[in-house]
Amino acid sequence: MANVQPAFSSVGKKVRLSRIIDPRGTLIFAFDHWLEHGPIDFPKDRLDPRVILEAVVDAGVDAVMLTPGDARLFSDIWAGRTSLIVKITGKTSLRPKEDQLLQSIIGSVDDAVRLGADAVAATVYWGSPWEDVMVWNWTLIRDAAEEYGLPALQLAYPRGPTIKDRHSVDVVLYGVRSAVMVGADLIKTYYTGDKESYKKVIEAASGIPVLMSGGPRRSTPIEFLRDLKDVREAGALGAVVGRNIFQARNIKAMAKACKLVLIGKASPEDAYEEGIVE
Ligand code: FBP
């Protein structure tokens, strides 16, 4: 039988994934917080996104995840220096509480391609009363991304009225398995709090790479670095981190420490003691 060549788009997807993924341990910087949370996330001395972005790109993160507008505005900082993931769903914290369970479309796969992105990202709040809308949007996004050979990252976040503890292992792995079932190429989800339970989450992903979502800033950097070590040992590809980096006293040092721990080049304690993290 004749040798069947892969679709062009499947080669493109592989190539783009290889630009984002460091198989030793991947660190992606998430920076959509101005939209998602607003000023509450930002120390008063760092309201300018440029300062933060410069520091993390300098530190050598594998990719930055930005909204379309920020990706355009700050292309002088990231282009040619790191990979880009364009997040095309979002919400504000200004909305009525019940509507914060919906992520709206804020851009398109075409925007991501125009911007030179290596992947596109969208959130699904599994369990939300708006789940239907977000899953439908997700299928449209994934389908359009497929056309271009663009990997689609899903922020698989279980949250809604039936969910008591969104970090519990059964809830997190349900969200991850659902993301797999609707065709995610990469999955970002919550940490369940310990290595053993996270292994179950990774197992539920059936080989689709899982990235831990950073979450609110821990009380000390070392606690967060220990979590990074644990998720790597559980089999996660790495982490997508925002607040634990950009709210750190020294942004660049913290980003570097995260990367070193993820690739196993430093223990959390060493990264801490060597003064990489202040
Ligand atoms: P963090 O590391 O700061 O948690 O960033 C990851 C992220 O998913 C962002 O992309 C997003 O803005 C935020 O967390 C969502 O936060 P929340 O869970 O409060 O909605």
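The values are calculated or read from the model by the stated rules, or taken from the named source; none is laboratory data. Just so we're clear, the structure is a prediction, and the values are computed from it rather than from any experiment. Cβ coordinates were reconstructed from backbone atoms using ideal geometry, including for glycine residues, and neighbour counts include every protein chain displayed. These accessible areas exclude ligands, DNA and RNA; they are computed on the full protein's heavy atoms, side chains included. Shrake-Rupley method; radii C 1.70, N 1.55, O 1.52, S 1.80 Å.
Considering every residue within segment 136-145, establish whether at least one is within 18 Å of the chain's Cα centre (by Cα) and either closer than 16 Å to Pro68 by Cβ or not in a helix (DSSP H, G or I) (or both).
Scanning segment 136-145 turns up at least one residue that is within 18 Å of the chain's Cα centre (by Cα) and either closer than 16 Å to Pro68 by Cβ or not in a helix (DSSP H, G or I) (or both).
Out of (1) exposed (fewer than 15 other Cβ atoms within 10 Å of the Cβ); (2) in contact with a Lys or Arg (Cβ under 9 Å, 6 or more places away or on another chain), what's the single condition that is false for Gly38?
That leaves (2) as the condition not met.
With Leu35, Leu94, Leu47 as the choices, which residue is touching a strand residue (DSSP E or B) at 6+ places or on another chain (Cβ under 7 Å) and either farther than 21 Å from Asp118 by Cα or among the aliphatic types (A, V, I, L, M) (or both)?
Leu35
Would you check which residues across segment 222-252 are more than 22 Å from Thr189 (Cβ to Cβ) and either touching a residue at least 40 places away in the same chain (Cβ under 8 Å) or of a type in the set (D, E, K, R) (or both) and list them?
Passing the criteria: Ile222, Arg249, Ile251, Lys252.
Given Ala156, Ala152, which one is within 13 Å of the ligand (Cβ to nearest atom), modelled with pLDDT of 95 or more and under 22 Å from Ala236 (Cα atoms)? Before the answer, list the steps.
Details: Ala152 fails: within 13 Å of the ligand (Cβ to nearest atom).
Result of the check over Ala156, Ala152: Ala156.
Counting just the residues of segment 61-90 that are within 12 Å of the ligand (Cβ to nearest atom) and open to solvent by less than 10 Å² (accessible area, probe 1.4 Å), which one comes out nearest to Arg24 (Cα to Cα)?
The qualifying residue nearest to Arg24 (Cα to Cα) is Val64.
Can you tell me which residues in segment 232-253 are more than 12 Å from the ligand (Cβ to nearest atom) and over 14 Å from the mean Cα position of the chain (by Cα)?
Going residue by residue through segment 232-253, those that are more than 12 Å from the ligand (Cβ to nearest atom) are 232-238, 249-253.
Within segment 232-253, Arg232, Glu233, Ala234, Gly235, Arg249, Asn250, Ile251, Lys252, Ala253 qualify.
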